[in-house]
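> Let me give you the structure first, and then I'll get to my questions.
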Number of protein chains: 2
Amino acid sequence: MTDSASPAAPAAEGGAATRWLDAGEQRAWRAFLQAAARVDDGLERQLQREAGMPHAYYQVLAMLSEAPGRTLRMSELAGLTTSSASRLSHAVARLEEKGWVRREKHPTDRRGALAVLTDDGWAAVVAAAPGHVAAVRAAVFDRLDAAQVRQLRQISERLADGP
Amino acid sequence: MTDSASPAAPAAEGGAATRWLDAGEQRAWRAFLQAAARVDDGLERQLQREAGMPHAYYQVLAMLSEAPGRTLRMSELAGLTTSSASRLSHAVARLEEKGWVRREKHPTDRRGALAVLTDDGWAAVVAAAPGHVAAVRAAVFDRLDAAQVRQLRQISERLADGP
DNA sequence: ACAAGGAAGTTGAGACCTCAAGTATTCCGC
DNA sequence: GCGGAATACTTGAGGTCTCAACTTCCTTGT
């Protein structure tokens, strides 16, 4: 039984028959899993080693660093970093301890909270960015030609969008 | 400061100047991050909900289910599932508690350990597989045409291989 | 043979993430 | 303008993953 192939002993199908992956899909799927794991682990380690933070936290700081006033509402920040409200809340709590982010109240919506990048936080991103970009290049863009980069973008947009 | 764009205020470059991502790379990179996160989270939830296990554990069971004798050495299993020795050891410990996997001693290399899929473990994979495949289709293959599947495979193989 | 170094696995501590539940506030239909 | 539903965010508990340290065993060079 592969990570998506037909089982040696097909189970009783409750509803519609399972559409197993064909050989090409299978290869693509396994390669994708390996690639995603490899890229992710690589970045995770590089950032942890050189900047003392996980990739998720780097993304939070990076998004804040680009936002007007270096400030974003929690819910927007969650969307930009593809993380749940809970994850972001924990993350910002941790970043607050480190002095890289500060929370403020939303001026009009009293349920809301804003995350603001501090000067120390800014310094941390600036320090971490070059090593991170180098790692991204090494893991991804140095391995692909221009056409593949276009294809990767199109495929990724398909997978990221929609219902 | 994006998750890989040039900083508004370039830091002092210690060594070689940082090669920031250009606009196309930037878009590709962000799309890829979102796509990978979305696919991964989707599978994780589906498996947790319907089969009571994380994706990493499913992969362990899946690889064992295909192996001769439903048995693999820990180090090989680690390679196949793209996980560290430590992660795998913890995972197998957990799967052993659930009665899905059993450990045996390697017959010739006395450092070695074998992981063996139990009948209950086999039943668990067989039960989980259809829902998992459906989720993989919904998240990936139903969204791509044949050419894109080929491209995805090639790109993924590039990213997964090499130094 | 034997010691040094490498390889295979395990373990414990700490960090991060998920899930479920909880509080506070805003939105919406009647 | 009121009550129920939806939204925004937080919190605590539990599970998984990482890192570093450790044990045991194989391998290699001399």
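Computed from the coordinates by the stated procedures, all read-outs in this text should not be read as laboratory data. As the structure is a prediction and not an experimental result, all values here were calculated from the model. Virtual Cβ from ideal backbone geometry, glycine too; neighbours counted across all protein chains shown.
> Quick one: which of A:Trp100, A:Trp29, A:Trp122 is within 20 Å of B:Val39 (Cα to Cα) and either among the β-branched types (Val, Ile, Thr) or buried (at least 17 other Cβ atoms within 10 Å of the Cβ) (or both)?
On the way: A:Trp100 fails: within 20 Å of B:Val39 (Cα to Cα); A:Trp122 fails: within 20 Å of B:Val39 (Cα to Cα).
Answer to the check: A:Trp29.
> Of A:Arg87, A:Arg45, which residue is within 13 Å of another protein chain (Cβ to nearest Cβ), among the basic types (Lys, Arg), near DNA strand C (Cβ under 10 Å from one of its atoms) and over 18 Å from A:Ser156 (Cβ atoms)? Let's see the steps before the verdict.
Details: A:Arg45 fails: near DNA strand C (Cβ under 10 Å from one of its atoms).
Among A:Arg87, A:Arg45, only A:Arg87 is within 13 Å of another protein chain (Cβ to nearest Cβ), among the basic types (Lys, Arg), near DNA strand C (Cβ under 10 Å from one of its atoms) and over 18 Å from A:Ser156 (Cβ atoms).
> Can I ask one more? Are any of the residues in the stretch B:108-130 under 25 Å from A:Arg27 (Cβ atoms), within 12 Å of DNA strand D (Cβ to nearest atom) and among the hydrophobic types (A, V, I, L, M, F, W, C)?
Scanning the stretch B:108-130 turns up no residue that is under 25 Å from A:Arg27 (Cβ atoms), within 12 Å of DNA strand D (Cβ to nearest atom) and among the hydrophobic types (A, V, I, L, M, F, W, C).
> Let me ask another. Kindly list the number of the only condition in (1) within 17 Å of the chain's Cα centre (by Cα); (2) more than 9 Å from chain A (Cβ to nearest Cβ); (3) within 13 Å of DNA strand D (Cβ to nearest atom); (4) buried (at least 16 other Cβ atoms within 10 Å of the Cβ) that fails for B:Leu61.
For B:Leu61, the failing item is (2).
> When you check B:Leu114 against the structure, is it surrounded by 13 or more Cβ atoms within 10 Å (Cβ to Cβ) and touching a strand residue (DSSP E or B) at 6+ places or on another chain (Cβ under 7 Å), yes or no?
Working: surrounded by 13 or more Cβ atoms within 10 Å (Cβ to Cβ): yes; touching a strand residue (DSSP E or B) at 6+ places or on another chain (Cβ under 7 Å): yes.
It is true that B:Leu114 is surrounded by 13 or more Cβ atoms within 10 Å (Cβ to Cβ) and touching a strand residue (DSSP E or B) at 6+ places or on another chain (Cβ under 7 Å).
> A further question follows. Among the numbered conditions (1) more than 8 Å from DNA strand D (Cβ to nearest atom); (2) more than 23 Å from A:Phe32 (Cα to Cα), tell me where B:Thr82 comes up short.
(2)
> What is the residue count in the stretch A:100-156 for residues that are of a type in the set (Val, Ile, Thr) and either in contact with a His (Cβ under 9 Å, 6 or more places away or on another chain) or facing chain B (nearest Cβ under 9 Å) (or both)?
7
> For the stretch A:25-66, give me each residue that is touching a residue at least 24 places away in the same chain (Cβ under 8 Å) and touching a strand residue (DSSP E or B) at 6+ places or on another chain (Cβ under 8 Å).
Across the stretch A:25-66, the qualifying residues are A:Val60, A:Leu61, A:Leu64, A:Ser65.
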